[in-house]
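Any read-out appearing in this document is the output of simple, stated calculations on the displayed coordinates, not a laboratory observation. Keep in mind that this is a model prediction, so the values were computed, not measured. In this analysis, Cβ positions are derived from the backbone assuming ideal geometry, glycine residues included, and neighbour counts consider all displayed protein chains.
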Amino acid sequence: MNSKRIYLLIIASFLFCGTTMFSATPNDSIKSQTPAEILPLGKTLYENSCVRCHKLKEPGNYTQEQWPGIMDKMQKRSRITDEQKATILTYLLSEAKKDVKTVE
């Protein structure tokens with residue numbers, strides 16, 4: 001179990017620090033760099049934990065920049081562990097809206 005927890009923390013750290021370094025879209029990078037069992041687990045945790053207090057938000061309605069702050073606030077309210085938060089966040093980031101920046 002500890003090795004799984006360490007692996008999740010490594011994945012979460014990688015996601016927070018390096019998603020802009022790939023030529024693929026951020027969502028594709030997350031999906032290709034994440035073990036197959038993590039995304040379905042994150043989706044299940046999201047659906048079961050967050051629906052207790054409010055209607056589920058569509059992951060694609062928010063960007064990868066917005067989800068970490070949202071999850072920080074919600075973790076305190078929902079009393080999920082850091083590991084659960086990282087798993088949910090990995091799922092949400094994989095489905096997040098691509099941030100389209102305008103050129104000035």
TODO: For every other residue with a beta carbon closer than 13 angstrom to the beta carbon of Asp28, add +1 if it is Lys or Arg and -1 if Asp or Glu, then tell me the sum.
DONE: +1
Task: HN-Hα J in Hz across region 49-61 - Karplus 6.51, -1.76, 1.60, θ = phi - 60°, x for Gly and Pro - done: 8, 7, 5, 4, 10, 7, 5, 5, 8, 6, x, x, 7
Open item on the list: Among 49-60, 74-85, how do they line up by average Cβ neighbours within 10 Å per residue, starting with the highest?
Closed with: 74-85, 49-60
Task: 5 angstrom amide H check on Thr63, placed H, neighbours 5+ away - done: Lys97
Open item on the list: Among Leu56, Gln84, Pro68, which residue has its Cα furthest toward the positive end of the charge dipole of region 38-104, with +1 on Lys/Arg Cβ and -1 on Asp/Glu Cβ?
Closed with: Leu56
